[in-house]
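Notes for the one structure printed next.
The values are calculated or read from the model by the stated rules, or taken from the named source; none is laboratory data. Keep in mind it's a predicted model, so treat the numbers as computed, not measured. Reconstructed Cβ throughout: ideal geometry from the backbone, glycine too, with neighbour counts over all protein chains shown.
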Amino acid sequence: MPKEGYVERFEKPIKSHVELHIEQGPVLESNNKDIGIVTGIVGVRWLKITFIGKQSHAGATPMNMRRDPVIPLAKTALKIRETALSYKEMVGTAGYIKVFPNVVNVIAGEATITADIRTLDLTDLENAVQKILRSAKMYAQNEKVGFNYSILQNKDPVICSQSVMQAIKQSTEELGYSYILLPSRAGHDTQNVAKITKDVGMIFVPSKGGISHSPDEWTEWEQAHKGVEVLKNVLIRLASNIKS
């Protein structure tokens, strides 16, 4: 294993890391800003929650004799949204739902939902996950259905270095570009590099319409050029600080 601050291909330690990326969201465009100075990359928890009920006929089974796993699933979907809204700067998504056997006239035997929870605050992240799981378990018990879960992804937040953020701010101001501070709610290579050096930072340029992971994803060439100019100046500034 390489020593802390080193990777096998380099003989000297990595002092700083700066990543230029499209925002992948609507904040810069909606605020009419050229540059986003990233304050940190959110932590992420992916949960897979499964409710196991009793598959039976939709017409022949009285309402009070059902063990329907879709009911706790639906309540959990709402709980994910409610929980995310109760914390500052948190987002929560129920992005995947699967019902078996997924037939119109059959009460499902099994229902699965995922939760994607993201925030910069690690304590809030952990608390939100526990709130969702406690509620999901309670919903299952109320409907007399089984409950289990697994954690599909577990990434802690990465806070950007104040020195790198300051270098980005100064470089942006020198170039006369407008900017805003914002967190990154998507994952980036910087999260992995932060295991080698804590002196990391990111520069965002606007995404047209806030669209990403789509054929319609686009950033204007002028905006991309501004990002490159800021990155160039930041690297020169950081390198000069090392020499001094």
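The single condition among (1) buried (at least 19 other Cβ atoms within 10 Å of the Cβ); (2) modelled with pLDDT under 95; (3) not hydroxyl-bearing (S, T, Y) that K155 does not satisfy is (1).
So that you can scan it fast, the table gives a plain yes or no per residue for (1) of a type in the set (S, T, N, Q); (2) in contact (Cβ under 8 Å) with a residue 12 or more places away in the chain:
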site	(1), (2)
G40	no, yes
S56	yes, yes
P69	no, yes
R81	no, yes
A84	no, yes
T93	yes, yes
N102	yes, no
V106	no, yes
T123	yes, no
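Within the range 174-204, the residues that satisfy the criterion of being more than 24 Å from K155 (Cβ to Cβ) and in contact with a Gly (Cβ under 8 Å, 6 or more places away or on another chain) are Y179, I180.
Set side by side, the residues T61, T76 differ, and just one is outside the structural domain of L182 (by TED's automatic domain parsing), outside any helix (DSSP H, G or I), of a type outside the set (A, V, I, L, M) and surrounded by 14 or more Cβ atoms within 10 Å (Cβ to Cβ), which is T61.
Of all residues in the range 100-120, which are out of contact with any helix residue (DSSP H, G or I) (no Cβ under 6 Å at 6 or more places or on another chain), of a type outside the set (G, A, S) and more than 14 Å from K48 (Cβ to Cβ)?
F100, P101, N102, V103, V104, N105, V106, I107, R118, L120
If you go through the range 99-120 and pick out every residue that is assigned to a strand (DSSP E or B) and either under 17 Å from S56 (Cα atoms) or among the polar types (S, T, N, Q) (or both), you end up with 9. Only one entry in A84, A58 is at pLDDT 95 or above and within 21 Å of N127 (Cβ to Cβ), namely A84. Would you check if Q170 is without any contact (Cβ under 8 Å) to a residue 24 or more places away in the chain and either in the same structural domain as I35 (by TED's automatic domain parsing) or hydroxyl-bearing (S, T, Y) (or both)? So Q170 fails the test.
Just one of the listed residues (I52, I41, I71, I35) is of a type in the set (V, I, T), buried (at least 16 other Cβ atoms within 10 Å of the Cβ), more than 27 Å from T114 (Cβ to Cβ) and under 31 Å from the mean Cα position of the chain (by Cα), namely I35.
Residues in the range 213-244 that are basic (K, R) and either free of Cβ contacts under 8 Å to residues at least 40 places away in the same chain or in contact with a helix residue (DSSP H, G or I) (Cβ under 6 Å, 6 or more places away or on another chain) (or both) were compared, and the one that is surrounded by the fewest Cβ atoms within 10 Å (Cβ to Cβ) is K243.
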